[in-house]
Every structure is written in structure tokens, then in C-alpha cells.
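Worksheet for the structure shown next.
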Amino acid sequence: MQSIKDRLGEANLRRIYSRRVTPHSIQYRIQPGDSLSGIAKKFRTTVELISKTNQLGSAVIRPKNHLKIVTSEFSVKVNKTKNTLTLYENGTFFKEYSVGTGKDNVTPVGEFQITGKQVNPTWYTTDGRVIPFGSKDNLLGTRWMSIDYPGYGIHGTWEDDSIGSQSSAGCIRLLNSDVEELFTILPIHTKVAISESSKDAFTSNHENNRF
């Protein structure tokens, strides 16, 4: 089963990253005054995904040129029992990641959303320390996405061996390469559901995947 999930995930990534317009994407003609951030906000996507999909080398765009824009709505479900994060596209399985969750089951359960995003994040600890990116004491990896539960979020890690277990102070941690992938795809306000359910939602949804 895992190999099927892996193949689906890689196929889905190739689809959204390609220049080819597919279901749940459009060809957008750049208008005078447009910016990448404005286009991303308009279509509820990210600058990073627009740039990667269109192989842009800079933020400079020119009117009358065209961009492929992914219009899918992405959401996230975290399973604390299995230590997995499943990414959904319009409610359908997209890709699954192995994660670390909170020691002693402290990761909160509920419905949340992404409220902020940082590249190379600074870590503001609960005891008031400010630990910059690059310090050996900064545990956040290369990306941080906060959720609307104070002090909690989704982030990378330098401790690869901690993935797949209850290993964090409460946040959801991924390999840096995986969190960078999610950071590219997920805009602000993406829904994040965290549960302790042992049910594998892939079983009932994989038939609906589009390639």
C-alpha cells in the first residue's frame, strides 16, 4: 500500500509542477499591474508554486505573457497515531508524509488553519530566547508554518531520526525537503485537521485520483 501512495504522490507532484495545463489549473494572461503576489492571492495559491510551475527565474513578469496557475484547494490531515501528514487536493488524496508529533501526545487535536509562513525561521522559545536560523540550537529546520493555536505549527528538522515518532515539543515536524515541498504548495488559510484516528483515509479516496 505504501508504494502505491508513494507513486501517487510523485505523479501528483509532476502534474502540478509541469507547464501543461491540466484539470484544476488554468492558463492566465498577465495583466498590466499584475505581480506574482497579487496573482497568488487572487487564485489562493503561492508565489512559490507559480514560480516553480512556470520555471521563473525572478519575480519579474510581463503583461500579455501567460502563466499556468494551479487552482486546486489543498488541505492537510495529521494523524497522531500513525505520525503521518496527508495532503489532499480538492478533498482527494495527493501525497502522504511521515512526521514527528508531540511527546506524550501533546500535539493539539482539532481543526486549524495556516496563519503564517517563514523561510529560514528564527525560533522564539517559550522561555523568551531568540535563536536565529543557522544556530545549532534552532530546531525549526528550513521552513515554519504557524497554525491558529498559539505556539504551534508545522516545521522542518535537522533531526531526521525523530521523524515517524512522538518526538517534538508539540509541533508537527518533517524532513526539511518535505516541509519545503509543502511550503511551496500550501497558501495561508490552508485547513489543517489534527486527529488521533487510526483510520486510513487513503483507502476510500484513492480511486478518485486524477493523473
Original post:
With respect to THR107, is the statement that it is assigned to a loop (DSSP other than H, G, I, E, B) and in contact with a Phe, Trp or Tyr (Cβ under 8 Å, 6 or more places away or on another chain) true?
Top reply: yes
**OP:** Report the residue count in the range 57-73 for those that are touching a residue at least 24 places away in the same chain (Cβ under 8 Å), under 30 Å from LYS191 (Cα atoms) and not β-branched (Val, Ile, Thr).
**Re:** 6
Original post:
Any residue in the range 95-112 that is within 25 Å of ARG19 (Cβ to Cβ) and either touching a helix residue (DSSP H, G or I) at 6+ places or on another chain (Cβ under 6 Å) or open to solvent by less than 70 Å² (accessible area, probe 1.4 Å) (or both)?
Top reply: yes
Original post:
In the range 23-56, what count of residues is obtained for those that are in contact (Cβ under 8 Å) with a residue 40 or more places away in the chain and either farther than 25 Å from GLN118 by Cα or of a type in the set (Lys, Arg) (or both)?
Top reply: 8
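Does the range 73-91 hold any residues that are in contact with a helix residue (DSSP H, G or I) (Cβ under 9 Å, 6 or more places away or on another chain) and surrounded by 18 or more Cβ atoms within 10 Å (Cβ to Cβ), and which are they?
Of everything in the range 73-91, those that are in contact with a helix residue (DSSP H, G or I) (Cβ under 9 Å, 6 or more places away or on another chain) and surrounded by 18 or more Cβ atoms within 10 Å (Cβ to Cβ) turn out to be PHE74, VAL76, LYS80, LEU85, THR86, LEU87, TYR88, GLU89.
The values are calculated or read from the model by the stated rules, or taken from the named source; none is laboratory data. Source: prediction; values computed, not measured. Cβ: placed from backbone, ideal geometry, glycine included. Neighbour counts: every protein chain shown. Surface areas here come from the heavy atoms of the whole protein model, side chains and all, with no ligands, DNA or RNA. Shrake-Rupley method; radii C 1.70, N 1.55, O 1.52, S 1.80 Å.
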